[in-house]
Each structure stands twice: as structure tokens, then as C-alpha cells.
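The values are calculated or read from the model by the stated rules, or taken from the named source; none is laboratory data. Just so we're clear, the structure is a prediction, and the values are computed from it rather than from any experiment. Positions of Cβ are backbone-derived with ideal geometry, glycine not excepted, and every protein chain shown enters the neighbour counts. With ligands, DNA and RNA removed, areas are computed over all heavy atoms of the protein, side chains included. Shrake-Rupley method; radii C 1.70, N 1.55, O 1.52, S 1.80 Å.
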Amino acid sequence: KTGYPLMIRSAFALGGLGSGICVDEDHLRENAKKALATSPQILVEKSMLGWKEVEYEVVRDVYDNCVTVCNMENFDPLGIHTGDSIVMAPSQTMSDEEYHMLRETAIRVVKHLGIVGECNIQYALHPESLEYCIIEVNPRLSRSSALASKATGYPLAFVAAKLCLGMPINEVQNAVTKKTQAFFEPSLDYIVTKIPRWDMTKFQGVATNIGSAMKSVGEVMSIGRTMEESLQKAIRMVDPSNAGYQPKMHFTKEELLHELKVPTDRRIFAIAQAMHDKSLSVSEIHDITKIDHWFLRRCEAIVKTYDLMKNKTLDQLDHALLLEAKKNGYSDIQIADCIGSTEDDIRAKRQSLGITPKTKQIDTLAAEYPAETNYLYT
């Protein structure tokens, strides 16, 4: 009835252990044998490979008061474990109708299950229709909950603990403003990007492909005013050797196509190479990876800024171009490498044009109320 490809998942397993996409019966038998070695039961499900993956964090008290604290969207489509995906908060490509449809469903599910405290709901959303499926409901704090807490400034674990003790949510104080209560939905005037960190190079013979079973050993979170800035910051934070969204290693055409088709820990650099080399169009990259057009267009905007700078000299860098480069997340070192200058010269030029870093405050309410907590980013 399900047909191939299909998805199998181990019951009672964390981190996607024992799960995978099966393309035929032999593949199914092989994966099922591995899964049943660690779990007494497997689930055979319809594959939704290529759909959008979206998460909602919901809190509810014993008096049936319920709010959605944060929603997040994966840069990578369904098929890669959330722990191995690039994730952005708030969601970037969903329509208002899709956002509220999934929000209302999340609230109904949490109320129906009678969950008190915090809950994480993961959805698969069809990219071209309103069809959706609930992948899983975690009636507990998860790794995504930690990201949501840091992304919004809303202390999910603290609030959930109070709610589990029977406190009504409207009596729990907002720890950031110290003036309002926790019965609100945070408003974000910035973009948060989470990128996983893998240490696959430390082990010989390890498979570098990523999928429904999590392989990452950690993650970083960046905050920016634009998606481009947030993404470039996160890439640099994962490893000091990463300059930003640009090619890191050189792939041949065959290797490049394989990196895009079969996700690995190096796929973001493969996409960057395809855009920098102009070897593939955005539409072609989308057809291979199924990454949403909007995300790819934002990545293309980073490359277009690089193309504008690479034929300039230091004296030819004007205020408008340098400001655009900083808004798109370019560091002084990146700009220096692009135009053949030095980091110190770029910094001096930038300062002479009055382009300096600004410190922003996370107040959970988009500056509607003053914040007492010093939660800052630049």
C-alpha cells in the first residue's frame, strides 16, 4: 500500500537511530535488520522526501492556557534529521495561511493529549499545497527546545517546570522584561540560524552522508538582521577555517552533483561552489536538492555581492557596496580576500565611511516593552 520509496523508523529510539529511506525490498530488509537489532519494533511509513520540515514549540498549563513560543523551519528538506539540518527561526518561506494552520493544529494536538509543560511538534509540509503530516510529538524538552529558548529569549525549561508544578502561565514572570508574564508569544525582529557541527574527519572510513539518523556532535547558533548575515555568521562559527558562504574545497562536476544529490556535511559548500562557479542555476540546484527557492535566492544574493566586489580596488569600494556586503554577512577578512587587500585596510576604510557594528538587544517583544536582561548580539 505504501509503495517505494518508504521510510522506516525504530520505535523507542532517540536521534533517528535505526531509521532510513528504503528504495526497494532489498534495501528495506537490510535496514529493517539493523533497526530490529536495537529496537523490538519498527514503523513503516510513507516517504515524504523533499517536503518542508517545520517545528513548533508549545507550552500549556493545567488550566488549558496554551501558546506557541517559537516556530522553526529547516533549510534542508525532509529526509535529513533535524539535528543534522540547518534550521532557521522564525520560519522564512511559509505563507500566513500555512503558519496559522500549523499553529492551530499544534495547539489542538497539545490540548487533546493533555500535555502540561512544554511540547515540540514536527511537521512535514508539502511545498506546493496545504497538505501536511505530523512527523512526531515530543511531550518534553528536546534539542530543538534549547534552540528555541536561546532564539527567542523565552526560558522554556524554567516556564515548563513552573507549569508542571501547577502554576497558571499568566502568573509566571517573563524573565527577560521582568515586567510582563510568560503568557505571550515572542516576536522576533531578527533571524536565527542553527548549523550542526560534525567531526567525521576525526575517524577513518566513516560515511559522511547525512540522513534521518543524527550524526552531529554539536551545533552553533547565530543571530542576524538578515538571513544572509545570519547564515554567514553561523558558517564561520562552526569552524574557524570557514571564511563564510563560499567554496571551501574544490569538487569536480561529478563530485559536485553527487554532493548535492546525496547530502553530506559538506553540502552547503557544494552549493556555494555551484553558485560561485556559475556551473548550475538556482533552479537546477533546487531540482537536485529540493531546497526551497527562497533560501537559494538568498544564498545567490550573497554571491552577487561578492561578484560586485571582486573587480573593485580598495579606493573603488564605496559606502553603498560596503554596507551591502556587511548586511549580507561578509567579514572584513572575506572582503579583503575578495579584492586583494588586507583586513586592517578594509577595517580602516569601513570606519572612515561610518560603517561600524551595532549592538542589538533581544527583548522577546520586538521592543514593545523595555527589557531588564542583558541579552545582546551584534
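Quick notes on this one:
- Counting only DSSP H runs of at least 4 residues, each contributing -39500 (n - 2.57), and dividing by the residue count of the chain, the helix-based mean residue ellipticity at 222 nm comes to -10500 deg cm²/dmol.
- Here the chain exposes an accessible surface that is 53 percent carbon and sulfur, computed with a 1.4 Å probe and the other protein chains kept in place.
- Between LEU323 and THR180, the contour length at 0.36 nm per residue exceeds the Cα-Cα span by 47.8 nm.
- Overall form of segment 107-152 per C-alpha gyration tensor (a/c, 1.5; a/b vs b/c): oblate
- Relative compactness, the chain, computed as alpha-carbon Rg over 2.2 N^0.38 Å: 1.06
- Mean shadow area of segment 114-203 over all directions, Cα convex hull, nm²: 9.4 nm²
- Heavy-atom accessible area for ASP287, with the other protein chains in place and a 1.4 Å probe, reaches approximately 90 Å².
- Solvent exposure ordering (accessible area, 1.4 Å, most first) of LEU165, LEU296, LEU43: LEU165, LEU43, LEU296
- The value obtained for segment 313-378, namely the Cα convex hull volume divided by the number of residues, is 104 Å³ per residue.
- Once the Cα-Cα distance is subtracted from the 0.36 nm per residue extended length, the GLU25 to LYS310 segment shows a gain of 97.4 nm.
- With DNA, RNA and ligands ignored, accessible area of LYS253 (1.4 Å probe; Å², nearest 10): 100 Å²
- With Rh defined as the Kirkwood radius, the inverse of the mean 1/r over Cα pairs, the Rg/Rh of segment 155-194 is 1.04.
- Debye log10 I(q)/I(0) for segment 1-69, one point scatterer per Cα, at q = 0.15, 0.23 Å⁻¹: -0.61, -0.94
- Panel note: the C-alpha atoms of segment 1-151, placed on their principal axes, show extents of 48, 33, 30 Å (largest first).
- Evaluated over segment 47-113, the Cα radius of gyration and Dmax, each in Å: 13.0, 39
- Over the Cα atoms of segment 160-253, the radius of gyration divided by the Kirkwood radius equals 1.15; this is the Rg/Rh ratio.
- ASN374/LYS202 FRET efficiency (R0 25 Å; Cβ-Cβ; nearest 0.05): 0.10
- Convex hull volume per residue for segment 252-306, taking Cα atoms only, in Å³: 71 Å³
- Computed P(r) (all Cα pairs; segment 269-378; 10 Å bins; percent): 12, 34, 26, 23, 5, 0
- Reducing segment 125-176 and segment 1-50 to their Cα centroids gives an inter-centroid distance of 28 Å.
- Accessible area in square angstrom per residue, the chain, 1.4 angstrom probe: 48 Å²
- Label zone at MET101 (point 7 Å along Cα-to-Cβ), backbone N below 19 Å, segment 126-140: 126-136
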